[in-house]
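Below you'll find the structure, written out as structure tokens, and then a few comments.
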């Protein structure tokens, strides 16, 4: 496989994953804006922008944080590299180059999405359309992921999934980084309305709200949520699940065992730590520090993948 | 005036009877639906193109639902004629880059060969595998009568359009399967396999691999034929590379892969000569693979088509193709050339200027239907404009009579109307010479128009060759 092909495949699934994350964040923001909140909903939109990692870009463009602008910025804005629109455009222009390396269905899934978002952008969208837009995005991404199931299980497949899980690990960790404080033990407020709401934001934005209820019995507690999102291997967006899958798709690569070995060496400490650690220990040590370290590690693995395989 | 479907106003040609019945039972509603379906399909698969005046959205070529049909006998003659021509063109290239017999025999003057920009001096004395310079040749043909075909031009470099030929058939089979039950249409979907076999049969001398590694070299996604590049490499199962994916080390060419360098034996290039090797052709070029020409000349890789193959489809050389056929093959040409006046010659220029109202004037280096004058259809001011151009730069132009291109039934706003068509079949020459069982039919969608180019409002049709 051409190095460039591997790189483009890797980025296609990063972009598609990012499109979904951005859409989910928008959905959470929209939901929160419908709830009465004494402190006003603006703070939520701000944390949505931070979690999407685009708060600076937004503030360069707009002076105030307003729902309409945030929606537009996150969904359609061409100057926002993580907007759903840009993610889809980028995924599509990469797919155009490597369409021969995956199935016609995968290409169709991406190209149809692209055709539709061009139409959506041409139409004026109104506030009530937002749930439709986010739902549409998630549907399109699922269509793309589904199309991958008929792919040959070769290196191309593994690069696609490496991209997906690197992106997801980064997205999940950044969301935790923005919201880690709601998971810190605060005895006086446990079970209070505000916490419930914050927890629900966190879980919904990781599409894990209902899954959490199935996974854990009894009361919702900060510790259980932290455990779910960081260490639970059944949760497809937990940090642990992402790391496991990065390791899996990395070691499944057939090309160049030395390169795989070098990257694996860098990852294995984090992997074994996350598999063995107890959530209490992590919280005690500092959830924030843990997440920050995690983000740094993922970014260094991403750099190594680029250096070893794509150059 | 020749109509492909109607023998006379009331008589349908036999091989169009089924299509006529089919058209009769199609309602406007179905036509609308099927047109929309075809358009959506072409957009979805991404078979789009860009024109010189670029707009934001990619365009698709209008697709006409009514196929253009050849009988087996009609096709047999075309097949022999095109293969004959393709062989002669390759023989010509082998000759002028080596002994130059055709020049010594005073058939073609040497100035018009060796002074041309498309002539490549670095090819002198080198013979590519099997002496094939141009393994894929697209010949543009028009028809003016039952047995009258004329070659408008030869395309020996990197002819495009074959993906339309294949996709037009795919969409027709998908939308109208019943048509293919009732008509015995020769399949064309083995074209990519044949193309790959052709490329593999042209492995360079130093290749030891029984299954030579072929790649398709594309200029990248901005090229208007990019869809075709990815389509063909996909169908052949070979890598589509850009020049940055390739590099020369020692005496071989390699591509950069995730497992390290991998040797490449045959490059099916879809980029121009100028951008192949900055060391050899265009030092200003930022694209290209430094050193690839050295590897080529020492038998480490084959480049298809060969650098310098473009001289064979030069509009000034075109005039001599019938002579080439006689000279190299000892045969009479099966397909005719269009009478052509070379404005470079004083007498011919005079004739052209005197008769410009009846002639088509073309730029020697023009393509895509740009920069041409159709005398009988032009205003006095554009004729005057061309007269000035001709007088100041006669070398840049040729002239031909306006041919009465055949009409093919075409759906225009749900009505069947006659529109003019041409044909580009694709000839492959490697271990054997063969012609695609069909080709790309282009249709001038505007009433009365003679210009079939997609950039000028042309459309395409599925092209059928009926089985024996």
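The values are calculated or read from the model by the stated rules, or taken from the named source; none is laboratory data. Here the structure is a predicted model, which is why all the values come from computation and not from measurement. Methodologically, a virtual Cβ is constructed for each residue, glycine included, from the backbone with ideal geometry; neighbour enumeration extends over all protein chains shown.
For this structure, a couple of remarks:
- Condition met for residue A:168 (surrounded by 24 or more Cβ atoms within 10 Å (Cβ to Cβ), part of a helix (DSSP H, G or I) and without any contact (Cβ under 8 Å) to a residue 24 or more places away in the chain): no
- Strands (runs of 3 or more DSSP E) enclosed by the range B:361-468 - at least 3 residues per element that are farther than 26 Å from residue B:86 by Cβ and assigned by TED's automatic domain parsing to the domain that holds residue B:212: B:407-412, B:415-429
- Elements of type helices (runs of 4 or more DSSP H) in the range A:49-150, at least 2 residues being assigned by TED's automatic domain parsing to the domain that holds residue A:17, buried (at least 23 other Cβ atoms within 10 Å of the Cβ) and in contact (Cβ under 8 Å) with a residue 60 or more places away in the chain: A:84-98, A:130-147
- Meets criteria (assigned to a helix (DSSP H, G or I) and surrounded by fewer than 21 Cβ atoms within 10 Å (Cβ to Cβ)) for residue A:25: no
- Restricting attention to the range B:179-217, the residues that are without any contact (Cβ under 8 Å) to a residue 24 or more places away in the chain and over 23 Å from the mean Cα position of the chain (by Cα) add up to 5.
- Helices (runs of 4 or more DSSP H) contained in the range A:195-311 and holding at least 3 residues within 30 Å of residue B:261 (Cβ to Cβ): A:239-251, A:257-276, A:279-305
- When A:305, A:263, A:254 are screened for being over 20 Å from residue A:184 (Cα atoms), surrounded by fewer than 18 Cβ atoms within 10 Å (Cβ to Cβ) and within 14 Å of another protein chain (Cβ to nearest Cβ), only A:254 passes.
- Residues of the range B:278-291 classified as in contact with a helix residue (DSSP H, G or I) (Cβ under 9 Å, 6 or more places away or on another chain), under 18 Å from residue B:242 (Cβ atoms) and crowded, with 19+ Cβ neighbours inside 10 Å, total: 2
- Just one of the listed residues (B:40, B:73, B:27) is more than 27 Å from residue B:304 (Cβ to Cβ), within 14 Å of chain A (Cβ to nearest Cβ) and surrounded by fewer than 14 Cβ atoms within 10 Å (Cβ to Cβ), and it is B:40.
- The single residue among B:145, B:161, B:138 that is more than 18 Å from the chain's Cα centre (by Cα) and in contact (Cβ under 8 Å) with a residue 24 or more places away in the chain turns out to be B:145.
- Checking residue B:68 against (1) part of a strand (DSSP E or B); (2) touching a helix residue (DSSP H, G or I) at 6+ places or on another chain (Cβ under 7 Å), the condition it does not meet: (2)
To keep it simple, each residue is scored yes or no on (1) within 16 Å of residue A:28 (Cα to Cα); (2) within 14 Å of another protein chain (Cβ to nearest Cβ).
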position: A:64; (1), (2): no, no
position: A:70; (1), (2): yes, no
position: A:80; (1), (2): no, no
position: A:94; (1), (2): no, yes
position: A:106; (1), (2): no, yes
position: A:111; (1), (2): no, yes
position: A:119; (1), (2): no, yes
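- The single condition among (1) in contact with a strand residue (DSSP E or B) (Cβ under 8 Å, 6 or more places away or on another chain); (2) touching a residue at least 12 places away in the same chain (Cβ under 8 Å) that residue B:389 does not satisfy is (2).
Results for (1) within 14 Å of another protein chain (Cβ to nearest Cβ); (2) surrounded by fewer than 18 Cβ atoms within 10 Å (Cβ to Cβ); (3) in contact with a helix residue (DSSP H, G or I) (Cβ under 8 Å, 6 or more places away or on another chain), shown as yes or no for each residue.
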{"position": "B:162", "(1), (2), (3)": "no, no, yes"}
{"position": "B:165", "(1), (2), (3)": "no, no, yes"}
{"position": "B:174", "(1), (2), (3)": "yes, yes, yes"}
{"position": "B:198", "(1), (2), (3)": "no, no, no"}
{"position": "B:202", "(1), (2), (3)": "no, no, yes"}
{"position": "B:205", "(1), (2), (3)": "no, yes, yes"}
{"position": "B:222", "(1), (2), (3)": "yes, yes, no"}
{"position": "B:226", "(1), (2), (3)": "yes, no, yes"}
{"position": "B:233", "(1), (2), (3)": "yes, no, yes"}
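- Selection status of residue B:256, away from chain A (no Cβ under 14 Å) and either under 29 Å from the mean Cα position of the chain (by Cα) or at pLDDT 90 or above (or both): no
- Exactly one residue out of B:68, B:130 is buried (at least 16 other Cβ atoms within 10 Å of the Cβ) and at positive phi: that is B:130.
- Remark: residue B:102 falls outside the filter, which requires a residue to be buried (at least 21 other Cβ atoms within 10 Å of the Cβ) and within 20 Å of residue B:322 (Cβ to Cβ).
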